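To keep things clear, I will list the structure first and then write my remarks on it.
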Amino acid sequence: MTSTTIEPAIAQKLSTLTEDFANQGIETNTEVIEATLIDPPRPIAALLDVGHGGSVLKLVRRRSTVEGPVALLYNYVRADLAPGIQKVNFSKASLFGTLEGQFGLKIASARRTFSARAAEGNVAEYLELPTGSPVQYLEQVTYLSDDRPIEYSDVWIHSGRLRVTSLLSRR
């Protein structure tokens, strides 16, 4: 029996997996693995324009459908722009929905890069894949309408359960 491959719209528009799944009527479960304020590693601090002594929310989640895990998400969110965000229950709440609804931020754009990777360590474990299995890797920096960076994410996608498709038009 072959499993259904889900095709989210994340390659064409600035949407989240939660939003794409909901739009397609796909039920998902989100497990929060970590949600803590941290002093960001230097590369993430630079991408998010967080100065020395600033903190970010490190949010690690596993998204699953009835078929099993489909994505492992590591999000880093500027805490100065969303004070108290570490108290949000992200097993139920959408990250972008929270930033826009609860904190009144206007998310406008993102730079999203896709590549192929081999599942190693936590990625293989949480996606329930043999080490070395192919996964899609997505790296993103999200910006507000005033061009300030708000969020950086690393997302690993289970290639056998979720396929990224782009719809393109010429002119």
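Here are the numbers for this structure:
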item: Only listed residue being within 14 Å of the chain's Cα centre (by Cα) and within 23 Å of I38 (Cα to Cα), chosen from Q86, Q102, Q140, Q136; result: Q140
item: Residue in the stretch 31-54 that is assigned to a loop (DSSP other than H, G, I, E, B), open to solvent by 30 Å² or more (accessible area, probe 1.4 Å) and over 28 Å from D147 (Cα atoms) present; result: no
item: Residue match in the stretch 140-147 (condition: more than 25 Å from G54 (Cα to Cα) and either of a type outside the set (S, T, Y) or open to solvent by 80 Å² or more (accessible area, probe 1.4 Å) (or both)); result: no
item: Selection from the stretch 134-158 of residues that are in contact (Cβ under 8 Å) with a residue 24 or more places away in the chain, within 16 Å of R62 (Cβ to Cβ) and not charged (D, E, K, R); result: V135, Q136, L138, S153, V155, W156, I157, H158
item: The one condition in (1) open to solvent by less than 20 Å² (accessible area, probe 1.4 Å); (2) under 18 Å from V70 (Cα atoms); (3) not β-branched (V, I, T) that P134 fails to fulfil; result: (1)
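The values are calculated or read from the model by the stated rules, or taken from the named source; none is laboratory data. Bear in mind that the values here come from a model prediction, so they are computed numbers and not experimental data. With ideal geometry, Cβ positions are generated from the backbone for all residues, glycine too; neighbour counts draw on all protein chains shown. Remember, those area values only see protein heavy atoms, side chains included, never the ligands or the DNA or RNA. Shrake-Rupley method; radii C 1.70, N 1.55, O 1.52, S 1.80 Å.
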